[in-house]
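Reading through the C-alpha cells given below for one structure.
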Amino acid sequence: MATTQVETHRNYIGGKWVESVTGRTYPVHNPAHTDQLVGEFQTSGADDTLHAVAAAKDGLKIWANTPAPARANIMYKALDIMGRRAEELAETITVEEGKPISDARAEVKRAMAIMEYAAGEGRRMFGYTTPSELPDTVAYTTRRPLGVVGIITPWNFPLAIPAWKIAPALICGNALVFKPASATPHSAVKLLEIFEEAGLPAGVLNLVTGPGGQVGNALVESPDVKGISFTGSTEIGTDLYSESAKRLKKVQAEMGGKNAVIVLSDADMDKAMNGIVQGAFGSTGQRCTATSRVIVEESVHDQFVTELIDRTSKLTVGDGIDPANDVAPLSSQNQKDKVLEFIGIGAEEGANLAFGGRDLMDGDLKEGYYVEPTVFTGVTSDMRIAQEEIFGPVLTVFKAKDLKEAIDIANSVEFGLSSSVYTKDITKAYEYINTVETGMVHVNASTLGGEVHLPFGGLNSSGVGQREQGTAAVDFFSEVITVYIDHAGEAN
Ligand code: NAP
C-alpha cells in the first residue's frame, strides 16, 4: 500500500463534509504494518464541536417531529446499505484497529443486528396508561427525545459501539454529535456515509474527529448538549460523568473490566477451555468483556494449566487480514507498551510467567504491534496484574479451594462488567449468579459478547447510568413525559 497518496477525510456537519477550522489533520496507521497509512483525519477542536452542536439543534427540529416509524424507515435503508458494504466495513475495521478479520466480520453483523433491533423500536417505544385517582381523567406516559446528545466511543469496536449508541438514539428522535476514538475514525466516516446515503436529514447526525480532551470536553461543557453516551476507560468516564453531573446532563458511561471465569472441578473441560482461550486471546484481548482472570478449583488446576498452555502455544499470531491468524496486533504503540509493562510487573510481583510474554519482532511481525499471547499462573489478588485492566492478550490464572473462595477472588476487583462459571452443578451455578458482582453473568459460556435485545453494562467501576442496548437504550435516549387529561368538560 502506498504511504503517500492517502485520502484526507473530513468531518460531517449539517449534512456537509467539511474541514476542521483548525486547518490541521492527523494520520492513522495500520497496526499490523505501521508504515501503511489508513488516511488523514481532521484534528478538530472546540469550535468545530460547537458548530456541530448548532447543526444538531437545527436537525433536531425536523427529526424530533418525524414519526418514529418514519425514522425507522431510514434505519432500514441504512441497514440495507450496511449489508451491501459489509465486507468493506470488516476490512476497514481490521486495517485501522488490527483485529482478526473474522472478529471484524462478526462486529459488522453485530452492528447490523443492533440497527435492525433499533428500527423495530420505531413501532414500539411504549409508554403506558394507568387509572387516574381523579374522575373523568386519563393518565398516560409518552416519550420525547432528550435533544442534542453527544456520542463518545472507544477504538476497540469502531463500528459496533457507535452503532449501538447511534441507532437507538436516532430512533428516539435525538440529534447527535458523534466523536469517535482518534485511533479509529475511518469506520466512523463510513458509518456516516451510510446514514447520508440512507437519507438522514442534515444536522441529525454529525461527525467530529479529533482529540477527546478538546472535542469531548466541548460536548460536556455545552449547555445545548442534554445527554452523553460514553464508552471508554474508567479514568476518562469517571471524570466525564462527574463533570456532566454538575451540568445536570443525563449520562451513561460504560467503562473498563477485569472479567473472571471460574472453572469448577465438575466442569466440561473442553467447553471451558474453548470459552477461555477465545475470551482471553480473541480480538487480541482488547474487548471490554475479554477474559482476564481464570480461577480454577484446586483439584483440577494443574491439569487445566497444562491444557491451557498447550492450547495457547498453538495460536498463530499475525496480520488480522489473513484469516489463518488467531491473534492480531495490538491497536497502537501505547497499547503495546502498556501490555509489555504489565508483563514486566507480573514477573516482578512474583507471578509465574507460564507461557509467552515476548515482544514479537520476527519477520513481518516487526512491522506491527505484536505481543505473544501470555499466561501467568500463581497469581494472587494483591497483585497489580490481578487488579488492573491490561487490555491485551494476557491471562492470569488463580487457584481456589472451592466455589466460595473463587467467588471472593472474582469479586476482589473494582470492576464488575462480565463474568462466567463453568459447572454442571445447578446449585453452585445459582450461588454464583446470585453473588458475583458483575452486570453480565454467564454460565458455561465465555465472558464475551451480549445479544442486542438484552441490556449491556457493568457494575461498580465498569459502568454508571442506564444500561445500553435492548429496551434500556430507549429508556436512556428518551424522556418520559406523564400526561393527565381531564375530559369532564365543565367544573364539577
Ligand atoms: P478512552 O481513552 O477512555 O477513550 C474513549 C473515548 O473518550 C475516545 O473517543 C477518547 O478520545 C475520548 N476522550 C478522551 N479524553 C476525553 C475527555 N477529556 N472528555 C471526553 N472524551 C474524552 O478509552 P479507549 O482507550 O478508547 O478504550 C478502551 C477502554 O474502553 C477500555 O477501558 C475498555 O474496557 C473500555 N470499553 C468498555 C466497554 C463497555 O461497554 N464497558 C466497551 C468497550 C471498551 P481520543 O481517542 O481522542 O482520546
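Every number in this text was worked out from the coordinates using simple rules, so none of it is lab data. These numbers come from a predicted model, not from an experiment. Virtual Cβ from ideal backbone geometry, glycine too; neighbours counted across all protein chains shown.
Computed from Cα atoms, the angle from the helix 212-221 axis to the main principal axis of the chain rounds to 40 degrees. If I model a spin label at Leu454 and Asp337 as a point 7 Å from the Cα along the Cα→Cβ vector, what separation in nanometres do I get? About 3.9 nm separates the two model spin labels.
Most exposed first by the Cβ proxy, i.e. fewest other Cβ within 10 Å, how do Ile276, Ile171, Ile236 rank?
Placing the least packed residue first, the sequence is Ile236, Ile276, Ile171.
Using 0.36 nm times the number of residues separating Ile485 and Glu349, minus their current alpha carbon distance, what extension gain do you get? Walk me through the intermediate numbers first.
Details: separation 136, 0.36 × 136 = 48.96 nm, distance 6.70 nm.
Gain in length upon complete extension: 42.3 nm.
Here the calculated FRET efficiency for Val21 and Glu193, from their Cβ-Cβ distance with R0 = 25 Å, stands at 0.65, rounded to the nearest 0.05. In the chain, the longest principal axis of the Cα atoms and the axis of helix 86-97 are about 60 degrees apart.
Placing R0 at 25 angstrom, the Cβ-Cβ distance between Met269 and Asp402 gives a FRET efficiency of 0.90 after rounding to 0.05. The label-point distance for Asp364 and Thr130, in a model that sets each label 7 Å from Cα toward Cβ, rounds to 6.1 nm. Counted over the range 259-443, the DSSP beta bridges are approximately 15% antiparallel.
Rounded to the nearest 5, what % of DSSP beta bridges with both residues in the chain are antiparallel? Show your work: numbers first, answer last.
Details: 31 of 72 bridges.
In the chain, DSSP labels about 45 percent of beta bridges as antiparallel.
Checking the Cα-Cα distances for Lys338/Lys424; Lys99/Lys404; Lys179/Lys336; Lys165/Lys336; Lys250/Lys336 against a 30 Å cut-off, the pairs over it are Lys338/Lys424; Lys99/Lys404; Lys250/Lys336.
Pull out a ≥ b ≥ c, the square roots of the eigenvalues of the alpha-carbon gyration tensor of the range 5-73, then state rounded if a/c is under 1.5, prolate if not and a/b is larger than b/c, and oblate in the remaining case.
On the way: a/c = 3.69, a/b = 1.86, b/c = 1.99.
Oblate is the answer for the range 5-73, as a/c is 1.5 or above yet b/c matches or exceeds a/b.
Here the range 360-375 is scanned for amide nitrogen atoms under 11 Å from the site 7 Å beyond the Cα of Thr34 along Cα-to-Cβ, giving 366-370.
Can you give the % of DSSP beta bridges in the range 367-492 that are antiparallel, to the nearest 5? The partial results should precede the final answer.
Values: 3 of 10 bridges.
Roughly 30 percent of the DSSP beta bridges within the range 367-492 come out antiparallel.
Each part gets one Cα centre, and for the range 33-90 versus the range 175-204 those centres are 2 Å apart.
Measuring r between the beta carbons of Tyr140 and Gln387 and using R0 = 60 Å, the FRET efficiency lands at 0.80. Shape analysis of the chain places it in the oblate category; the axes a ≥ b ≥ c from the Cα gyration tensor give an a/c of at least 1.5, with a/b not above b/c.
Each of Thr94, Thr435, Thr377, Thr129 was scored by other Cβ atoms within 10 Å of its Cβ. Arranged with the fewest first, they read Thr129, Thr435, Thr377, Thr94.
Panel order for Trp17, Trp155, Trp164, by other beta carbons found within 10 Å of each beta carbon, from fewest to most: Trp17, Trp155, Trp164.
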